Amino acid sequence: MKIEQNHIQDTNKKDLTSHQEHFDFLSNSLTKKGVDVNKIISKLQDFQVAIPSWALGAGGTRFGRFSFYGEPSSLEQKIQDVGVLHTLTQTAGAVSLHIPWDIPQDYNAIKEIASGLDIKFDAVNSNTFQDQANAKESYKYGSLSNVSQAVRQQAIQHNLDVINIGNKLGSKSLTVWLADGSCFPGQTNFQTALQNTESSLKEIYKDLPTDWSMLIEYKPYEPNFYSTVIQDWGTSFMLANACGEKAFSLVDLGHHLPNSNIEQIVSILMSKAKLGGFHFNDSKYGDDDLTVGSIKPYALFLIFNELVYGMENNPANPDLAWMIDASHNVKDPLEDLIQSLEAIQEAYAKALLIDQNKLKQAQLNHDVVKCQEILQNAYRTDVRPLLEKARLERGGALSPINTYRALDVRNELIKERGRNTVATGL
Ligand code: LRH
Ligand code: MN
């Protein structure tokens, strides 16, 4: 399924006038406030988010999985679906693969399809939380932290294989998330598990290509429910420092205990030049992997405020890896991802409207009310005309969801692929 430019222009036609009116009104009022509207639009256009290859089919829970049919059953079809998202939104110009769910059969063919759709390969993800059919050792009781040297070695080798696969695709970073931990007190020795994990990560780090980075993802619980070895940002930060200057922390928004101040965690990691990237999603309770901005849009805005400040004031922190990590139980996976991409662009655009100098001044004057006024004036601004302009200028859809439905993409995919295809992944 490939969406042609003229199809998008046809569906844009009826909304062009109202878009232009809204855009002109907003652009004039922002320009009067000294905002460089064109600068914001080019920042939005440069902001490319990687789509998780494991979230292009229906997700599920232990209680059930309900397909939307027409799911991609090969890596080629997954890249094509990312192409649909990128053509409509112009902000999904990358894919993050998960190994072994997405091992390319024909590297050149995959790279050709991806470059034809202007899709880059972002971080590759290792998987030592599931046993593979032909595996000699089991990860039942952990992988890089396991008391068994043989199990640790198998997990280290897997990560080196993942780097090798990523290297052939042009990826420049490895994401390591470990399910390692325990379900009951006494089951593991915390110190031994952490030391094993540190020495195993260092083994992997030794073979990291010079221009690569290692992203260490933390998570407080699940699938282990008493302890997780890399449970929080502090542990990830400590391990990243122990490995070296190419290792960083990865912040998955769903990997925080209730009421955690994620924006403060982001500011700390950036101030120490150890923030490597994000897995964007949203949640009400646990690692719910819901649509970005669907539950706590203001929290996402506050995180982008710290990111905008950090990108301005922490030059030592590397360019960040922007990725979505979501799972779709009740929404069409592609519509869910389109809504997530929109929410990310919206939070970023609103954060770019914050007058950081005025905010700094109000903070120095302890003018607490003014600080909030400055933040919320930006948050209360309807920035959608800016997002539309950014897409329109790049040939995208004014309303990606409307165009997706007007072109009946899901049914076209079902016609092409049938109703029984199942995408690899979660
Ligand atoms: C763990 C996680 C990790 C992935 C997996 C698919 O919860 O966030 O990033 O490997 O989801
Ligand atoms: Mn994640």
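Can you report the number of residues in the stretch 1-22 which are more than 31 Å from the chain's Cα centre (by Cα) and β-branched (Val, Ile, Thr)?
1
With the requirement that a residue be assigned to a loop (DSSP other than H, G, I, E, B), more than 29 Å from residue 341 (Cα to Cα) and either open to solvent by 90 Å² or more (accessible area, probe 1.4 Å) or in contact with a Gly (Cβ under 7 Å, 6 or more places away or on another chain) (or both), what does the stretch 352-393 give you? Before the answer, list the steps.
Taking the stretch 352-393 first, the residues assigned to a loop (DSSP other than H, G, I, E, B) are 353-355, 365-367, 380-383.
Of the ones still in play, those that are also more than 29 Å from residue 341 (Cα to Cα) are 365-367.
Within the stretch 352-393, 365, 366 meet the criteria.
Return yes when residue 345 is part of a helix (DSSP H, G or I), closer than 17 Å to residue 308 by Cα and free of Cβ contacts under 8 Å to residues at least 60 places away in the same chain and no when it is not. Full working, then the answer.
Values: part of a helix (DSSP H, G or I): yes; closer than 17 Å to residue 308 by Cα: yes; free of Cβ contacts under 8 Å to residues at least 60 places away in the same chain: no.
Here the answer is no, as residue 345 does not meet what is asked.
Which of the residues belonging to the stretch 247-262 are open to solvent by less than 40 Å² (accessible area, probe 1.4 Å) and farther than 20 Å from residue 179 by Cα?
First, pick out the residues of the stretch 247-262 that are open to solvent by less than 40 Å² (accessible area, probe 1.4 Å): 247-256, 262.
Answer for the stretch 247-262, where residues must be open to solvent by less than 40 Å² (accessible area, probe 1.4 Å) and farther than 20 Å from residue 179 by Cα: just 262.
Examine the stretch 10-23 for a residue that is under 26 Å from residue 123 (Cα atoms) and surrounded by fewer than 17 Cβ atoms within 10 Å (Cβ to Cβ), and state whether such a residue exists.
As a first pass, look at the stretch 10-23 and keep what is under 26 Å from residue 123 (Cα atoms): none.
Within the stretch 10-23, none of the residues are under 26 Å from residue 123 (Cα atoms) and surrounded by fewer than 17 Cβ atoms within 10 Å (Cβ to Cβ).
Go through the stretch 37-64 and give me each residue that's open to solvent by 30 Å² or more (accessible area, probe 1.4 Å) and either more than 16 Å from ligand 1 (Cβ to nearest atom) or without any contact (Cβ under 8 Å) to a residue 40 or more places away in the chain (or both).
Passing the criteria: 38, 39, 42, 43, 46, 48, 62, 63.
A quick yes/no check of all residues on (1) within 16 Å of ligand 2 (Cβ to nearest atom); (2) open to solvent by 20 Å² or more (accessible area, probe 1.4 Å):
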residue	(1), (2)
221	yes, yes
230	yes, no
289	yes, no
297	no, yes
312	no, yes
318	no, yes
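If you check 162, 151, which single one turns out to be within 16 Å of ligand 2 (Cβ to nearest atom) and not hydroxyl-bearing (Ser, Thr, Tyr)?
Values: 151 fails: within 16 Å of ligand 2 (Cβ to nearest atom).
Within the list 162, 151, the selection yields 162.
The values are calculated or read from the model by the stated rules, or taken from the named source; none is laboratory data. None of the values given here were measured: they were computed from a predicted structure. Here Cβ is always computed from backbone atoms with ideal geometry, including for glycine, and neighbour counts include all displayed protein chains. We work out accessible area using only protein heavy atoms, side chains counted, and drop any ligands, DNA or RNA first. Shrake-Rupley method; radii C 1.70, N 1.55, O 1.52, S 1.80 Å.
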